[in-house]
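This report refers to the structure that appears directly beneath it.
Read-outs: derived from the displayed coordinates by stated rules, not from any lab. Because the structure is predicted, anything quoted here is derived from the model rather than measured. Cβ atoms come from the backbone with ideal geometry, glycine included; neighbour counts cover every protein chain shown.
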Amino acid sequence: MAKGLIGEKVGMTQIFDSEGKVLPVTVLRVGPCAVSQIKTVEKDGYDAIQLAFGDKKEKSVTKAEKGHLGKAGIAVPKKVVKEFRNYGEEVTLGSELKASDVFQLNDTVKISGTSKGKGFQGVVKRHGFAGGPKTHGSRFQRHPGSIGAGSTPSRVFKGMKMAGRMGSDAATINNLKVVKINENDNLLFVTGSVPGSDNSIVTIEKM
């Protein structure tokens, strides 16, 4: 079976375990994912399956996308396609995979997504600079300070911690635990937080 699936982040909540302890969890809507392509070593140079997730409006689909999904017998256009390697059992082209088909309770997973965008931020928020005195007319409260020498080397070194865009980066969280599965609604409850805002696309892989 596939090593992972595509899903979307629903949000965070808390549940109680068997000992009555509160667990902060992230709720993910995982699948159903359609198998849109099966890659082999002979044809493509490596083994993988391509999964498609999320319905898309017909008017937003290109001819190439429609033809690609049509070969797999997928009638409804999909928003996202992603590849997963290292799958075990054979899967059928065009078949659907649900959360309960791949994941079980107490599975350890890693989840990848795009972190929340924070916009253009200063050095205090972006890099954790302490800042300067707030009083006595210092005029140096949240400024970055000196960024390099003058005549030598007469330039600013690459990688200097300065103000700039923050967030909207690819992020992966490892070693999250599946604590609950809702088979009827394809919901997966995993411990801890997951990158991205609510309704953002994530990939969930078994470790």
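At 0.36 nm per residue, and after removing the present C-alpha to C-alpha distance, how many nm does the segment from residue 14 to residue 207 gain when stretched out fully? Before the final figure, lay out the partial values.
Details: separation 193, 0.36 × 193 = 69.48 nm, distance 2.36 nm.
Working it through step by step, the gained length comes to 67.1 nm.
Couplings for the stretch 70-86, taken from phi via the Karplus curve 6.51 cos²θ - 1.76 cosθ + 1.60 with θ = phi - 60°, read x, 4, 8, x, 8, 7, 8, x, 10, 6, 10, 10, 9, 9, 10, 9, 6 Hz in order; Gly and Pro are left as x.
If I model a spin label at residue 155 and residue 106 as a point 7 Å from the Cα along the Cα→Cβ vector, what separation in nanometres do I get? Reported label-point gap for residue 155 and residue 106 is 5.7 nm. A simple count of charges around residue 195, restricted to other residues whose Cβ falls under 14 Å of its Cβ and scoring Lys, Arg +1 and Asp, Glu -1, yields 0.
Placing a label point 7 Å from the Cα of residue 121 along the Cα-to-Cβ direction, none of the residues of the stretch 16-60 has a backbone N under 15 Å of that point.
Annotation for residue 185 and residue 95: the two label points, set 7 Å from Cα along the Cα-Cβ direction, are 2.8 nm apart. The residues packed around residue 55, meaning those with a beta-carbon under 15 Å from its beta-carbon, carry a net charge of +3 if Lys and Arg are +1 and Asp and Glu are -1. Overall shape of the chain was characterised from the C-alpha gyration tensor. The equivalent ellipsoid obtained from it has semi-axes of 42, 24, 16 Å, in decreasing order. Pairs 118/180; 66/116; 9/63; 79/110; 39/59; 9/118: which are spaced more than 24 Å apart, C-alpha to C-alpha? Pairs exceeding the cut-off: 118/180; 66/116; 9/63; 39/59.
Evaluating 6.51 cos²θ - 1.76 cosθ + 1.60 at θ = phi - 60° for every residue in the stretch 48-63, the Karplus couplings come out as 6, 10, 9, 10, 10, 9, x, 6, 10, 5, 4, 5, 8, 9, 7, 5 Hz, glycine and proline recorded as x.
For the peptides 104-110, 190-196, 148-154, the ranking by packing is 190-196, 104-110, 148-154, with the highest mean count of neighbouring Cβ atoms within 10 Å listed first.
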